[in-house]
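Report on the following structure.
The values are calculated or read from the model by the stated rules, or taken from the named source; none is laboratory data. Because the structure is a prediction, the values reported are computed rather than measured. Counting neighbours? That spans all protein chains shown, and the Cβs are built from the backbone with ideal geometry, glycine included. Heavy atoms of the whole protein, side chains included, go into the accessibility calculation; ligands, DNA and RNA do not. Shrake-Rupley method; radii C 1.70, N 1.55, O 1.52, S 1.80 Å.
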Amino acid sequence: MTGWLGPEEWQAVALSLKVATWSTLLSLPFGTLIAYVLARHQFPGKQLLNGLVHLPLILPPVVTGYLLLLGFGRTGPIGSWLEQTFGLILAFRWTGAVLAAAIMGFPLMVRAIRLGFESVDPKLEQAAATLGASRLWIFATVTLPLILPALIAGAVLGFAKAMGEFGATITFVSNIPGQTQTLPSAIYTFLQIPGGENSALRLVLISVAVAMGALVASEVFSRRASRRTRGTPT
Amino acid sequence: MTGWLGPEEWQAVALSLKVATWSTLLSLPFGTLIAYVLARHQFPGKQLLNGLVHLPLILPPVVTGYLLLLGFGRTGPIGSWLEQTFGLILAFRWTGAVLAAAIMGFPLMVRAIRLGFESVDPKLEQAAATLGASRLWIFATVTLPLILPALIAGAVLGFAKAMGEFGATITFVSNIPGQTQTLPSAIYTFLQIPGGENSALRLVLISVAVAMGALVASEVFSRRASRRTRGTPT
Amino acid sequence: MSLSVDITHPLGDLTLKTAFTAPSGITTLFGHSGSGKSTVINAVAGLLRPRQGTIAWSGETLLDTAKRVNCPVHKRRFGLVFQDARLFPHLNVQRNLLYGQRFARPDGPAAGWAPTLDEVANLLGISDLLNRHTTTLSGGEKQRVAIGRALLSRPRMLLMDEPLAALDNARKEEILPYLERLRDHTGLPILYVSHSVAEVARLATSVVVLENGQVARAGPAEEVLSDPQMVHQFGLREAGAVLPATIAAHHDDGLTELTVSGGQLFLPRMQADVHSRTRVRILAQDILLSTERPTGTSALNILPATVVALRSGQGPGTIVQLYCGQDRLLARITRRSAEAMALKPGCAIFAVIKSVSIARTDVGAG
Amino acid sequence: MSLSVDITHPLGDLTLKTAFTAPSGITTLFGHSGSGKSTVINAVAGLLRPRQGTIAWSGETLLDTAKRVNCPVHKRRFGLVFQDARLFPHLNVQRNLLYGQRFARPDGPAAGWAPTLDEVANLLGISDLLNRHTTTLSGGEKQRVAIGRALLSRPRMLLMDEPLAALDNARKEEILPYLERLRDHTGLPILYVSHSVAEVARLATSVVVLENGQVARAGPAEEVLSDPQMVHQFGLREAGAVLPATIAAHHDDGLTELTVSGGQLFLPRMQADVHSRTRVRILAQDILLSTERPTGTSALNILPATVVALRSGQGPGTIVQLYCGQDRLLARITRRSAEAMALKPGCAIFAVIKSVSIARTDVGAG
Amino acid sequence: EPVTIFAAASLKPALDQIAARAAENPDGVQLRLSYAGSSALARQIQYGAPAQLFISANSDWMDVLDQQGLLNPGSRVDLLGNRLVLIAAPGISGDKPLAATLRELPDNAHLAMGLIRAVPAGIYGREALETLDVWTDVQTRVVQGDNVRTALRLVASGEAEYGIVYATDPGPDAKVQVVDVFPDNSHTPIRYPLAMIGAPTPLTQQVYDFLRSDSARDVFQAHGFIPLEPEQ
Ligand SMILES: Nc1ncnc2c1ncn2[C@@H]1O[C@H](COP(=O)(O)OP(=O)(O)OP(=O)(O)O)[C@@H](O)[C@H]1O
Ligand SMILES: Nc1ncnc2c1ncn2[C@@H]1O[C@H](COP(=O)(O)OP(=O)(O)OP(=O)(O)O)[C@@H](O)[C@H]1O
Ligand code: MOO
Ligand SMILES: [Mg+2]
Ligand SMILES: [Mg+2]
């Protein structure tokens, strides 16, 4: 195995996994919150928020990466604030790759989860309220479990996107082996050099295998969740 | 306005709109079908199909573009067959851009629609069957209307993705002004040139405006659809 | 035109093992909550495929698990009124009602029967709701729309799962006669689930009693309802007998005179022709027994009868089986009275029945 | 411990304009399908915010649209049994039942009352279902779980929307006494929607009759149910009177002797102590009138009475209002009998009541 | 502590080898190489990327950094040169001279290039075509890729019959055939400038020197680049 892939490539695989996992985990709560707000509330500026969420989908990834660099770079307003306040540096770190992947996957995640919220019958939430449950508790014990399939769908889309994200990532955090070189960046690099296609293909296969594993796991999990909700039809 | 953007840029805007519209419209029926199959049926190879659908999300866009080139190019097996049988050429044509955008948006579309199918109560379909409706008729008159919000969500994701797709498109159909130069290609071009940021920004704004319009329209439509389904809560 | 069902299906701890034949007319499925009524209805409709068994509809095999025959739901054309209304949430009331219209075919048992939207909406009192969203309907309104939707699909058979449970008495009184007319004039067979003995007594041509998934008793309504063995199923209050009767005359003061084998009965004006045959139900608790013919009483219906048997339970009551002409009657009195009157099999006696106690809901044309 | 409601809310063509007070005990909301019962229940629970009005719970303002006060649903702690069961599909039966447990607080009107899971599951006959998915339950089983879920949340007040509509008589007979015990021993106030006059008569401390969204009549159960004006609401068959009574003795043959103002009544053994007070309901159609005291009859209950008034409708029947001691009785007889007996206000007469016709469902401790 | 070099992606094969050599030296330094498009790298350096050395494929972007004072003064040198070649897809006969081939492109034939306004290889290529006076003939046949490799790939897969790429692009096992080399004077000289970013550490200086050493020159040359600096 180690013969098949060089240490740099293994690093890229590990990094991509790490980035995808973190970006999925970190964006899930925010994505859920935004999806909830968009699904259940009417407020001025809702369209703006909705548009903002979709922006990374609409813009070419390079532009998103560039905007990230402007905002979250070490000289950018948010980036410098984060660095001064929390000592958190994003640009050219794997943490920045997490941010880029999270932002790029955000619209996919939010849309999926939002659909989940929209399909939950508010009557069940009402029933919980009459039993004495507060809004937060209802959300945690009724709404969330009912949208589990949608949450999983959102997480899978986010994870898959994070595994494949390239444009924004390479623009925002560059392509530094062992630090910010994700699988797609490594694939890109191989595609740049004469005769690199075979090496690229190997990485593509790994990428596909990892994502497939995540997909199958999520399918199983999701089916179990929805069987719980719907019962086994006799 | 014409002074603000050159004719080439206007062409890019028009082309991107055309490509996004067609790719959304054409992939919607397939996306719906696949989503239905994935949501409602268990069959061997289901995981494979599911993985295949997600592939464009996982792979770096350049790789997808390259694979499209290998398969649907004039010398590729499918491409040459299409050309001989239907006289349909995809490579270096806007039709190819439609294909690329459709493929890239497909996983997003399918996931969203699939969630819709999963949240339809099969009891309603049963009720329709007892009234004499065949499966196809039930699908058209009960299932589809009930998943309208999910269909709209899927279409919006597909459209937005098509407006922003760059990597696969430029790799597969290149960048021929007036023919295959979409907005993202034009934006990318400006970003490559020192000092091109301002021109790029203009195009970004147009891109955002168009997509926002589509988003708002879809929100309105979707809300009307779901109001029909849920009634106005008193 | 008859449905025959013979199915076995595991339901958790319970096993549904049910065989019965539903002749034309109304067959009611009766049984405690959880006894398997809805499951039978679902199997007949084709929504549930039983583990094993056959279902046939006047010669046509709809299901035969051994032969792997399973006619799809929509081809069975059995209209189903679900226990939960299951209205289409994306359609307004009118469109819900008309959903099955395009599949309605003018053949089948009730060939001449073609209810229109107006007719059905009026009957069910939902004419004002036609443009409403189904989500704004009250519980009873939903159920009425569900009934209308099934009727308007002009099915070959109607399956109704507690269709009137959510309705008030006044509304029931409007719908029950319609179902009676369907039964008597169209020949449309109906399989009807109900918890209400009054409904069963009024509508049923035959009755199937389910107990833990098994058929405890099945047969013509008169027999099953008059069976003292079934008292525990229907409840003491509902025990009684159903007697065939002929309409003798309609009187000017609003009373109709009926002839039963044991004599004459008066009850409020009925909508049937003189000489036509009908059924009356007399509840055991509505009969008062007297050793001598009472005088100066408001009771118009006093029939001579003979005591056949006495059955005492644990309580203070006694069920007295009587012969009144060729018909059996059941009377429920206290043991104290039975002893005071020295009732024994063979005693001649008078059964006093208040005419008004033979109420409308207990009378069915048939 | 009383709930006062005064709300106005537009419902399409209808306007709900309802004001009533529910004292402790069971207040039943009665009315035709679509008359606004569920809407009132929802407003009281806080699930619907009426356009205008106030709702107060023993001094605590829950809603005051003028003052913009609106206590959130979960703080009201009014357990609601919905017309549609609304079980949580992702939880099994046991978890559904226990959902409200963590919010149950040992304060409030029914402070001493702490039903346990076992107790409630046994009462409702769902002990075998605890591990089941709610989707596999029958209609009646769902409804029973919904009742249990509301009970186990130990609410300050119970709101029940046709909780027993989907149940068979046997099951109802098991649950009704429990509700009576709640009413009598815990002081838990209950707002109860029902289409069944028998249920209302048995449970209700007070009755609110809704008609097209407006209160047509409200008051103590005895008064409302004995009101001849309300006959059209409850239906002719259900017209009757409710009499206060005292338990005089329990006899060995299973009969309980009651004293009412007009004399003695015998009925099947009741579970109440001697000298305790209770209510009996006598349906108008269960009373037979006689000008002379009947002899040799199975009827144990014969009360002397005086005719107060006669009301004839369009049909062949007449409602006779009687005074029997200080209590009013209603009797329904045919006009033909009334004429034959030459009934007039002031006539002395005997009301013959079959003891068993004062059946359990019509008797409430109170 | 490794030294980070940001380098145009096309330099990867050569620089990887040089990095290996640098590490072999007794006083060897570790090199960390980050490859991407020159514009992306330049922009990142503007925003504080941790690069100590930058090799651009494009003088313009180096100029931008220079103007912003990000380069270590005096450290900028033109490290390498390159040449443009015309390539043909497999099975296309490439026996005619360059200009003639281009002028007589068959109907429906495509000429793959980098973006002619953005990607250096595209810009140089267009210049060369204009100098050779064939631009107007081929203009409508040009298909542009987002970088020069995309153009190469189009030709390699047979989608485009011809393409213009750097001499260093078609590797030893490329499926394409090189038809001809564009004359050096047909376009602005192709330069790969090298510069140090910010104040150099001794280690950076060491690497900077090594990149210009004979040892490195040999490697660059072996990969088809033209080492430019006079030997020190
Ligand atoms: N959003 C609405 N728009 C118009 N009418 C409405 C709306 N919501 C409810 N209604 C009507 O208000 C009336 C009262 O409804 P409600 O559910 O309170 O009736 P109910 O007394 O509970 O009847 P049921 O016994 O049938 O359950 C019904 O006629 C219903 O159709
Ligand atoms: N999938 C299942 N697993 C286990 N038990 C089941 C399943 N489905 C149904 N049952 C049980 O089968 C029994 C019959 O259900 P069914 O719905 O036919 O009852 P029913 O007679 O219609 O009752 P009701 O009058 O309450 O509606 C119930 O006890 C139910 O809990
Ligand atoms: O090395 Mo470049 O900047 O991709 O032509
Ligand atoms: Mg049922
Ligand atoms: Mg209601």
Evaluate the range C:308-317: report whether one residue or more is in contact with a strand residue (DSSP E or B) (Cβ under 8 Å, 6 or more places away or on another chain), surrounded by 21 or more Cβ atoms within 10 Å (Cβ to Cβ) and either more than 8 Å from every other protein chain (Cβ to nearest Cβ) or at pLDDT 85 or above (or both).
no
Just give me the residues in the range D:66-104 being small (Gly, Ala, Ser), more than 16 Å from A:Val142 (Cβ to Cβ) and at the interface with chain A (Cβ under 8 Å from one of its Cβ atoms), in sequence order.
D:Gly79, D:Ala104
Matching helices (runs of 4 or more DSSP H) fully within the range D:154-261 where at least 2 residues are among the small types (Gly, Ala, Ser)
D:197-203, D:221-226
Identify, from the list B:Gly87, B:Gly71, B:Gly76, B:Gly116, the residue that is crowded, with 17+ Cβ neighbours inside 10 Å, of a type outside the set (Phe, Trp, Tyr) and over 22 Å from B:Arg40 (Cβ atoms).
B:Gly76
Name the pairs whose Cβ atoms lie under 6 Å apart, with the first residue in the range D:235-261 and touching a residue at least 60 places away in the same chain (Cβ under 8 Å), the second part of a loop (DSSP other than H, G, I, E, B) and of a type in the set (S, T, N, Q), and 6 or more positions between them or separate chains?
D:Ser261/D:Gln326
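When you check B:Thr130 against the structure, is it closer than 28 Å to A:Asp121 by Cβ, open to solvent by less than 10 Å² (accessible area, probe 1.4 Å) and in contact with a helix residue (DSSP H, G or I) (Cβ under 8 Å, 6 or more places away or on another chain), yes or no?
Values: closer than 28 Å to A:Asp121 by Cβ: yes; open to solvent by less than 10 Å² (accessible area, probe 1.4 Å): yes; in contact with a helix residue (DSSP H, G or I) (Cβ under 8 Å, 6 or more places away or on another chain): yes.
Spelling it out, B:Thr130 is indeed closer than 28 Å to A:Asp121 by Cβ, open to solvent by less than 10 Å² (accessible area, probe 1.4 Å) and in contact with a helix residue (DSSP H, G or I) (Cβ under 8 Å, 6 or more places away or on another chain).
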Working carefully through the options E:Asn147, E:Asn108, find the one that is open to solvent by 10 Å² or more (accessible area, probe 1.4 Å), more than 24 Å from E:Leu80 (Cβ to Cβ), within 10 Å of chain B (Cβ to nearest Cβ) and of a type in the set (S, T, N, Q).
E:Asn108
Considering only the range D:1-14, I want to know if a residue exists there that is in a strand (DSSP E or B) and on the phi > 0 side of the Ramachandran plot.
no
Among the residues of the range A:43-68, write down those that are assigned to a helix (DSSP H, G or I) and surrounded by fewer than 24 Cβ atoms within 10 Å (Cβ to Cβ).
A:Lys46, A:Gln47, A:Leu48, A:Leu49, A:Asn50, A:Gly51, A:Leu52, A:Val53, A:Leu55, A:Leu67
Note on the range D:127-145: residues within 8 Å of ligand 2 (Cβ to nearest atom), under 21 Å from D:Thr116 (Cβ atoms) and touching a Leu at 6+ places or on another chain (Cβ under 7 Å) are D:Leu129, D:Glu141, D:Gln143
Looking at the range A:50-71, which of its residues are among the hydrophobic types (A, V, I, L, M, F, W, C) and either farther than 15 Å from A:Met104 by Cα or free of Cβ contacts under 8 Å to residues at least 12 places away in the same chain (or both)?
A:Leu52, A:Ile58, A:Leu59, A:Val63, A:Leu67, A:Leu70
Farther than 30 Å from D:Gln143 by Cα and in contact (Cβ under 8 Å) with a residue 24 or more places away in the chain: does that describe A:Leu191?
no
Given (1) within 16 Å of ligand 1 (Cβ to nearest atom); (2) surrounded by 17 or more Cβ atoms within 10 Å (Cβ to Cβ), index of the condition C:Asn131 fails:
(2)
Condition first: in contact with a Gly (Cβ under 8 Å, 6 or more places away or on another chain) and either facing chain E (nearest Cβ under 10 Å) or assigned to a helix (DSSP H, G or I) (or both). Now tell me which residues in the range A:161-182 satisfy that.
A:Lys161, A:Ala162, A:Gly167, A:Ala168, A:Thr169, A:Ile170, A:Thr171, A:Phe172, A:Val173, A:Thr180
Is it true that some residue in the range B:100-119 is at the interface with another protein chain (Cβ under 10 Å from one of its Cβ atoms), among the polar types (S, T, N, Q) and outside any helix (DSSP H, G or I)?
no
Going through D:Phe30, D:Phe78, D:Phe103 one at a time, which residue ends up being under 26 Å from the mean Cα position of the chain (by Cα), within 30 Å of D:Thr134 (Cα to Cα) and away from ligand 5 (no atom under 13 Å from the Cβ)?
D:Phe78
Given the conditions (1) more than 30 Å from B:Ala35 (Cβ to Cβ); (2) in a helix (DSSP H, G or I); (3) touching a Ser or Thr at 6+ places or on another chain (Cβ under 9 Å), and given that B:Val204 satisfies all but one, which numbered condition is not satisfied?
(3)
Answer yes or no: is there a residue in the range D:159-169 that is more than 16 Å from ligand 2 (Cβ to nearest atom), acidic (Asp, Glu) and either within 11 Å of another protein chain (Cβ to nearest Cβ) or crowded, with 22+ Cβ neighbours inside 10 Å (or both).
yes
What tally of residues in the range D:54-107 results from selecting those that are crowded, with 16+ Cβ neighbours inside 10 Å and in a loop (DSSP other than H, G, I, E, B)?
16
Subset of the range C:190-213 [modelled with pLDDT of 90 or more, over 8 Å from the mean Cα position of the chain (by Cα) and of a type outside the set (S, T, N, Q)]
C:Ile190, C:Leu191, C:Val193, C:Val208, C:Val209, C:Leu210, C:Glu211, C:Gly213
Report, ordered by the first and then the second residue, all pairs with beta carbons closer than 6 Å, sequence separation of six or more or different chains, a first member in the range D:117-146 that is within 11 Å of chain C (Cβ to nearest Cβ), and a second member that is more than 10 Å from ligand 2 (Cβ to nearest atom) and hydroxyl-bearing (Ser, Thr, Tyr).
none
When C:Cys324 is run through (1) at pLDDT 85 or above; (2) surrounded by fewer than 18 Cβ atoms within 10 Å (Cβ to Cβ); (3) touching a Leu at 6+ places or on another chain (Cβ under 8 Å), the failure sits at (2)
What number goes with the only condition from (1) surrounded by 24 or more Cβ atoms within 10 Å (Cβ to Cβ); (2) more than 14 Å from every other protein chain (Cβ to nearest Cβ); (3) over 13 Å from E:Pro193 (Cβ atoms) that E:Gln44 does not pass?
(2)
May I ask you to say which residue of A:Ala211, A:Ala200 is open to solvent by less than 10 Å² (accessible area, probe 1.4 Å), within 14 Å of chain E (Cβ to nearest Cβ) and touching a helix residue (DSSP H, G or I) at 6+ places or on another chain (Cβ under 6 Å)?
A:Ala200
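Can you tell me which residue in the range E:177-192 is nearest to the other protein chains (Cβ to nearest Cβ), limited to those that are open to solvent by 20 Å² or more (accessible area, probe 1.4 Å) and out of contact with any Gly (no Cβ under 7 Å at 6 or more places or on another chain)?
Checking each candidate, the answer is E:Val178.
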Verdict on E:Glu161 being crowded, with 17+ Cβ neighbours inside 10 Å and charged (D, E, K, R)
yes
If you check every pair at least six apart or on different chains, which have Cβ atoms under 6 Å apart with a residue in the range E:52-78 that is among the charged types (D, E, K, R) first and a residue that is in a loop (DSSP other than H, G, I, E, B) second?
E:Asp60/B:Pro194; E:Asp78/E:Leu228
